[in-house]
1. Filtering the range A:27-52 down to residues that are of a type in the set (D, E, K, R) and touching a Gly at 6+ places or on another chain (Cβ under 7 Å), which residue is modelled with the lowest pLDDT?
2. Quick check: anything in the range A:129-152 surrounded by 15 or more Cβ atoms within 10 Å (Cβ to Cβ), within 14 Å of chain B (Cβ to nearest Cβ) and of a type outside the set (Lys, Arg)?
3. Please specify each residue of the range A:259-286 satisfying the condition of being in the same structural domain as A:GLN191 (by TED's automatic domain parsing) and farther than 22 Å from A:ARG156 by Cβ.
4. Within the range A:236-257, count every residue that is open to solvent by 10 Å² or more (accessible area, probe 1.4 Å) and either under 21 Å from A:ASN114 (Cα atoms) or not in a loop (DSSP other than H, G, I, E, B) (or both).
5. Restricting to the range A:160-179, count the residues that are under 27 Å from A:GLU232 (Cα atoms) and among the β-branched types (Val, Ile, Thr).
6. Scan the range A:190-202 residue by residue and report those that are open to solvent by less than 20 Å² (accessible area, probe 1.4 Å) and in a loop (DSSP other than H, G, I, E, B).
7. Is it the case that some residue within the range A:88-107 is part of a strand (DSSP E or B), of a type in the set (A, V, I, L, M) and within 18 Å of the chain's Cα centre (by Cα)?
8. Which members of the range A:43-70 meet the condition of being closer than 23 Å to A:ASP22 by Cβ and in a loop (DSSP other than H, G, I, E, B)?
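The values are calculated or read from the model by the stated rules, or taken from the named source; none is laboratory data. Small disclaimer: the values here were computed from a predicted structure and weren't measured. Neighbour counts run over all protein chains shown; Cβ positions are idealised from the backbone, glycine included. Quick note on the areas: whole protein, heavy atoms, side chains included, nothing else; ligands and nucleic acids left out. Shrake-Rupley method; radii C 1.70, N 1.55, O 1.52, S 1.80 Å.
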Amino acid sequence: MSDYAHPEVLVTTAWAEDHLNDPAVRILEVDYDPSSAYELGHIPGAALVDWKKDINHATRRDILPREQFERLMGRLGATPDTTLILYGDMRNWFAAFAFWTFKIYGHEDVRLINGGRRKWIEEGRPISEEIPSFSAAQYSAPEANGGLRSFLPDVRQILGRDDFRLVDVRSPAEYKGEIAAPPEYATEGAQRSGHIPGAVNIPWAQAILEDDTFKPVEQLRELYGAQGVTPERSVIAYCRIGERSSHTWFVLTYLLGYPVVTNYDGSWSEWGNAVGVPVEKEAAIS
Amino acid sequence: MGQRRRRAGGEGGGNLLSTTRIHSIDLSGAEDLCTEPGALERVRRAYAALGPGDRLDVRAPVAEHAFAVRAWARKNAIRVVEDGPGPDGATRLVLEAVHGQA
């Protein structure tokens, strides 16, 4: 891990186990479906962050507003100085999304468990069903950092520009337009299928190894560089709702150290439903 | 589709024979894509479709998924009649539906 641009944002499962009782550390399991994960057992002392309820705006489609973030941190007993260790279900996608939102609200020390829940369980590390409770804390967050996020007009504006790269991290079938509206995810459907013109397809999972840990830095550099996703360019990552792309955003920003990377969380569920935006359909490159 | 197998039925067996329907589900590749339900959700749905006495044979190559199936079965008082490595080394869990649904 030491060759990564910012190795301090990753911890091993062993490190996490060594810090289960560290008062400066708060371990958070970020789940899409807590009933299939956290509620069945979790890292001892880990608190649940429910992606749908805690990380999203209660009414409109948006990430949680600053006040909600402050309340969440307060409920978790976290202050701006707390080290937040994230992991979660679904291959750490939603933990990466939480990482991204916590960075938007300026939390300094956020880290991901490399390999996440899957590796923790694979290694036979301790599991608990106890729900921890914490003394409430006061948390004051700065204004959202807009530099980490792209919106639809931002993406429209850079279409065709060579100093930008759009990275579509969905599966080749989604990229090629074979899947528009997975029946399992009713709120994530799109009127049109395909991809944003000019986007290259580098599925998120190509950044990880069999055990869900991240590939070595050289392999990552080769993976993205081969498709013109280089640090000289600004990069916008997207998927369907922004969770897989936050995993890629994490890789490009923290493991490879690219200076300008944003996550377009509106992603295909916005672009594929928008009126008048261009759509491309072609064979996936990778 | 499930297979039908005849086995001794009822407490103590006796001469009665009942028919057990065995359904299979393979969790390999579950959660690789974001287009299918999660691994445990697939098991939940398959289990819910069982009739009383039917069995669900789950192949779970990923320890996280096997863990989830065991924990969910325990929480819902579902009988796990087999739990161990299958012929290919992947964990195999066989669940039996007593009342048909969890």
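1. The residue in question is A:ASP33.
2. Scanning the range A:129-152 turns up no residue that is surrounded by 15 or more Cβ atoms within 10 Å (Cβ to Cβ), within 14 Å of chain B (Cβ to nearest Cβ) and of a type outside the set (Lys, Arg).
3. Selection gives A:PRO259 alone.
4. Of the residues in the range A:236-257, 4 are open to solvent by 10 Å² or more (accessible area, probe 1.4 Å) and either under 21 Å from A:ASN114 (Cα atoms) or not in a loop (DSSP other than H, G, I, E, B) (or both).
5. So the count comes out to 2.
6. If the condition is that a residue be open to solvent by less than 20 Å² (accessible area, probe 1.4 Å) and in a loop (DSSP other than H, G, I, E, B), then A:ALA190, A:SER193, A:GLY194, A:ILE196, A:ALA199, A:ILE202 are the ones that fit.
7. No, the range A:88-107 has no match at all.
8. Once the filter is applied, which keeps residues that are closer than 23 Å to A:ASP22 by Cβ and in a loop (DSSP other than H, G, I, E, B), the range A:43-70 yields A:ILE43, A:PRO44, A:GLY45, A:ALA46.
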